[in-house]
Amino acid sequence: MTAQLNNTASRFTIGLLVLIALITSTVVPALGQANRRPRPRRLTRVIVKKTPPVIYYTLNSGQVIRVRMNETITSETARAGDQFTTTVVDPVYANGLEVIPAGSSIVGQVRTVKRASRQSKAGAIEVHFVSLRLPTGITRAINGDLTDVTSDTVNADNEGEVSGKSATNRNVVFVGGGAATGALIGAIAGGGKGAGIGAGVGAGLGVAGALFSKGHEAVVKSGTQFGIVLNQNLSLPAANVR
């Protein structure tokens, strides 16, 4: 009887120990997890920068831009549709602000070419200007024609803006002027007054262009300076806007 009681007590003790072990294995990890504090989340601040609106300033029709030829063209080899480039010499202003810096590029296009002939006719090149590229990379289509930049044909105001008469009605072209002058800016038959590049020519060419050297081709050399007159308004941001 005593042995049986001892046996029962031993079984009870073993069962109790197993139960305690099971409870401990469950509660201790739970207590450990309960003691772990969650890490606070870091808030990321997103700062949105507002881009100020770009303000555009208008160059009016009649604005004159002084440019310099980048390559040489001649009526002997030029063809209609050929393109050439010029560099802006003087900065251009609108409302007192610089909008076309010196060094900007303007692309020209040959419209018509007349070869020199033995019948006293000098060669002639009619050109048109189609696009402007600023140093910032901004490119704009333009509608511009050739003009001279003499004091008789342009006006400058106190804000540095230069304007002149549109060349469209004057049919202004490059005309052969002989070996000494290369090419002159003149008006073809039926239109207005011509002006020489450094030569002071100021009369109409007439049908035969008799005032110019006989049979000379129009040669516009690299480095030649002349004017471009805008035929339409052009809107641009200030030059310091990126």
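The values are calculated or read from the model by the stated rules, or taken from the named source; none is laboratory data. Note that the coordinates shown come from a computational prediction; the quantities given were computed from them, not determined experimentally. Positions of Cβ are backbone-derived with ideal geometry, glycine not excepted, and every protein chain shown enters the neighbour counts. The protein model used for the area step is the full one, side chains on, heavy atoms only, and it has no ligands, DNA or RNA in it. Shrake-Rupley method; radii C 1.70, N 1.55, O 1.52, S 1.80 Å.
Computed values, structure above
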quantity: Residue ID - least open to solvent (accessible area, probe 1.4 Å), chosen from residues in region 101-124 that are in a loop (DSSP other than H, G, I, E, B) and not small (Gly, Ala, Ser); calculated: 101
quantity: Residues within region 64-84 that are over 12 Å from residue 220 (Cα atoms) and part of a strand (DSSP E or B), tallied; calculated: 5
quantity: Residue in region 46-63 that is in a strand (DSSP E or B) and either hydrophobic (A, V, I, L, M, F, W, C) or buried (at least 19 other Cβ atoms within 10 Å of the Cβ) (or both) present; calculated: yes
quantity: Filtered residues of region 72-96 (kept if among the polar types (S, T, N, Q), open to solvent by 70 Å² or more (accessible area, probe 1.4 Å), in contact (Cβ under 8 Å) with a residue 24 or more places away in the chain and more than 26 Å from residue 233 (Cβ to Cβ)); calculated: 72
quantity: Conditions (1) at pLDDT below 60; (2) not in a loop (DSSP other than H, G, I, E, B); number of the one not met by residue 180; calculated: (2)
